Amino acid sequence: MYRLNKSLLSIVFLVVVSCSPPESSQDQSAQKEIESSHDTADSSSKREPLHSSSLVPKSIEQQKTPAPCELTLGWDPWEPYQYLTPDNQVKGLEIELIQSMAKQVNCSVAFKQGEWMNLLEDLKSGKIDMLGGASKTKPRELFAHFSEPYRHESFVLYLSTESMEDYAEKSIYELMEEKFRLGVTEDYIYGEAIGMIQDNKTYQSQIVTVPITEVNYYNLMQDNIDGFLEDPFVAGYTIKRKGLSSKIAASGIKVHSGDVSIMFSKASIKPELVEQFNIALETIKESGEYKKILATYSH
């Protein structure tokens with residue numbers, strides 16, 4: 001009887017189960033969606049921390065890396081700081097320094113050659129963005145931003161070797177009192193001492209100004225001037241290149257001009273970019289790249 005009753009109960013259970021209505025497809029889908037959403041939430045919480053970059057708006061992400069830019073650098077031939085190679089590449093100590101800084105701020109550099117005075121006008125109008133080797137002055141600050149100084153500049157008086165003994169052991173002021181004809185390049189900043197001489201009306205007729213520095217070498221050879229001021233680094237290269245070592249030499253008169261910076265056009269460049277260049281300058285100094293570039297152009 002026990003076995004019979006157990007069998008009957010099993011039959012009744014099977015009949016009830018078989019007669020139960022099956023789950024609808026909608027119910028099954030809903031259940032799967034619930035399970036799927038739970039799985040996704042669980043895995044998502046494991047994969048994605050709240051501070052993940054994928055949760056940061058794209059605009060903020062883009063601010064982390066400066067957008068690529070192209071800056072136009074004006075330059076005039078002034079070897080070894082800036083010059084044109086035989087294969088028409090703009091090279092030089094300043095060119096490499098500025099390119100190195102520009103690379104740090106994700107900018108490329110294009111070039112525009114011209115005479116210094118014309119390049120200054122282009123900088124004022126925003127036709128070019130930068131000029132290297134610039135001394136900071138109040139008039140220039142009206143139209144330009146300045147980077148932190150990146151090198152020190154000085155000038156030496158260069159004379160004809162034939163007249164070297166005539167001017168030995170004399171100061172620049174003594175020479176000017178003797179009607180010395182001094183060659184200078186237009187709008188170059190030679191420092192306070194020379195600036196005072198240039199501003200003195202007594203010496204105006206003795207100062208011969210040229211648009212580009214290489215004209216000074218010609219003028220000295222043609223006896224149009226008695227001497228000219230030049231950066232010793234530049235003069236050394238130029239005299240050697242022109243084969244003038246036996247005709248032009250440095251005197252003992254050295255004029256300290258001061259520090260030079262990169263000059264940026266206020267018409268095209270914001271102060272924020274100038275500050276980025278300042279940071280880039282410190283970066284290449286700390287990395288040793290700055291010294292490496294200087295060593296490339298040292299005698």
Quickly run through segment 174-230 and pick out the residues that are among the small types (Gly, Ala, Ser), touching a residue at least 12 places away in the same chain (Cβ under 8 Å) and over 26 Å from residue 136 (Cβ atoms). 227
Scan segment 167-180 and tell me whether some residue there is assigned to a strand (DSSP E or B) and farther than 22 Å from residue 296 by Cα. no
One residue is enough: does segment 106-115 have a residue meeting the conditions surrounded by 19 or more Cβ atoms within 10 Å (Cβ to Cβ) and either in the same structural domain as residue 188 (by TED's automatic domain parsing) or part of a helix (DSSP H, G or I) (or both)? no
Residue 195 being within 27 Å of residue 81 (Cα to Cα) and not in a helix (DSSP H, G or I): no
Would you say residue 104 is without any contact (Cβ under 8 Å) to a residue 40 or more places away in the chain and of a type in the set (S, T, N, Q)? no
Sole residue being closer than 26 Å to residue 204 by Cβ, modelled with pLDDT under 95 and not charged (D, E, K, R), chosen from 160, 154: 154
Just to verify a result, which residue in segment 211-244, among those that are in a loop (DSSP other than H, G, I, E, B) and in contact with a Leu (Cβ under 8 Å, 6 or more places away or on another chain), is farthest from residue 117 (Cα to Cα)? 226
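The values are calculated or read from the model by the stated rules, or taken from the named source; none is laboratory data. Predicted model only: the values in this text are computed from it and were never measured. We place every Cβ from the backbone using ideal geometry, glycine too, and count neighbours over all the protein chains shown.
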